[in-house]
Amino acid sequence: VEEAFFVPEADPRGAEMRRRYRLDGPYLVCLVGTPEPRKNLARAVEAARMGAPGVPLVIIGPVASITALLQGDTQGIRCLGPVPDTDLPLVLQGAEVALYPSLYEGFGFPALEALAAGVPLITSDRSALPEIVGDAAVLVNPESVEDMAYAVRSLLNDTEQRRKLIGLGRVRAKELSWNQTARQVLAIYRELL
């Protein structure tokens, strides 16, 4: 994960970002990356509506593709479109909870970016995601809207669990930073030589 995602908790740029994107109150964020069916967006939207009625779900990614995946049903959704690299960590950090319930991932950079930004993450209990996040996120069955909704509701109502996940998430993201990865690769080269 890029160093830019490790945003300080009281970053002064956060207020300006909220104003620019009109993020006035609490919100959930859904990390889409490339909008395609395996990202499980429709279930994430349904779970957000069920688990946090009245709290908008902010979706980052191409608006037209996202709207098509949701078949035009954007009630309670705020599609920001693609967000510049300078703003993305701040948008993530400002969220109450991040959702990344992908059905399949080869790695899962968006999940790791959420951890680095200090937002509690709900993600899938399958493919590469459990290995990537370790114990720093809530793992759910991505095919169960009820599981996801329960996780959203639970995290919103449990400040201590949110705080714990934020701390664990930042530690886990540091373990998978580019600097740490470079050190590990270099150590392997030295060991082989």
Filtering segment 177-193 down to residues that are of a type outside the set (A, V, I, L, M, F, W, C) and open to solvent by less than 80 Å² (accessible area, probe 1.4 Å), which residue is nearest to PRO110 (Cα to Cα)? SER177
Can you tell me how many residues in segment 38-70 are assigned to a helix (DSSP H, G or I), touching a residue at least 40 places away in the same chain (Cβ under 8 Å), aliphatic (A, V, I, L, M) and open to solvent by less than 50 Å² (accessible area, probe 1.4 Å)? 3
Just the residues that are under 15 Å from LEU121 (Cβ atoms) and either open to solvent by less than 40 Å² (accessible area, probe 1.4 Å) or of a type in the set (S, T, N, Q) (or both), please, taken from segment 137-150. ALA137, VAL138, VAL140, PRO142, MET148
Only one of (1) over 15 Å from the mean Cα position of the chain (by Cα); (2) within 20 Å of ARG170 (Cα to Cα); (3) of a type outside the set (Lys, Arg) fails for ALA116. Which number is that? (1)
Would you point out the residue of segment 6-27, among those that are open to solvent by less than 20 Å² (accessible area, probe 1.4 Å) and among the hydrophobic types (A, V, I, L, M, F, W, C), that is nearest to GLY76 (Cα to Cα)? LEU23
For segment 88-102, how many residues meet the condition of being open to solvent by less than 10 Å² (accessible area, probe 1.4 Å) and in a loop (DSSP other than H, G, I, E, B)? 3
Matching residues, segment 103-127, being among the polar types (S, T, N, Q), part of a loop (DSSP other than H, G, I, E, B) and modelled with pLDDT of 95 or more: none
Could you grab me the full set of residues in segment 64-92 that are farther than 25 Å from VAL1 by Cα and out of contact with any helix residue (DSSP H, G or I) (no Cβ under 9 Å at 6 or more places or on another chain)? ALA64, SER65, THR67, ALA68, GLY72
Sole residue being out of contact with any Asp or Glu (no Cβ under 6 Å at 6 or more places or on another chain), open to solvent by 20 Å² or more (accessible area, probe 1.4 Å) and either in a loop (DSSP other than H, G, I, E, B) or modelled with pLDDT of 90 or more (or both), chosen from CYS79, CYS30: CYS79
Could you look through segment 33-70, keep only residues that are of a type in the set (Gly, Ala, Ser) and within 21 Å of GLU113 (Cβ to Cβ), and pick out the one that is modelled with the lowest pLDDT? GLY33
Please go through (1) open to solvent by less than 10 Å² (accessible area, probe 1.4 Å); (2) in a helix (DSSP H, G or I); (3) under 22 Å from ALA42 (Cβ atoms) for ARG153 and return the number of the only condition it doesn't satisfy. (1)
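The values are calculated or read from the model by the stated rules, or taken from the named source; none is laboratory data. Keep in mind it's a predicted model, so treat the numbers as computed, not measured. Reconstructed Cβ throughout: ideal geometry from the backbone, glycine too, with neighbour counts over all protein chains shown. Just the protein is used for accessible areas: all its heavy atoms, side chains included, with ligands, DNA and RNA removed. Shrake-Rupley method; radii C 1.70, N 1.55, O 1.52, S 1.80 Å.
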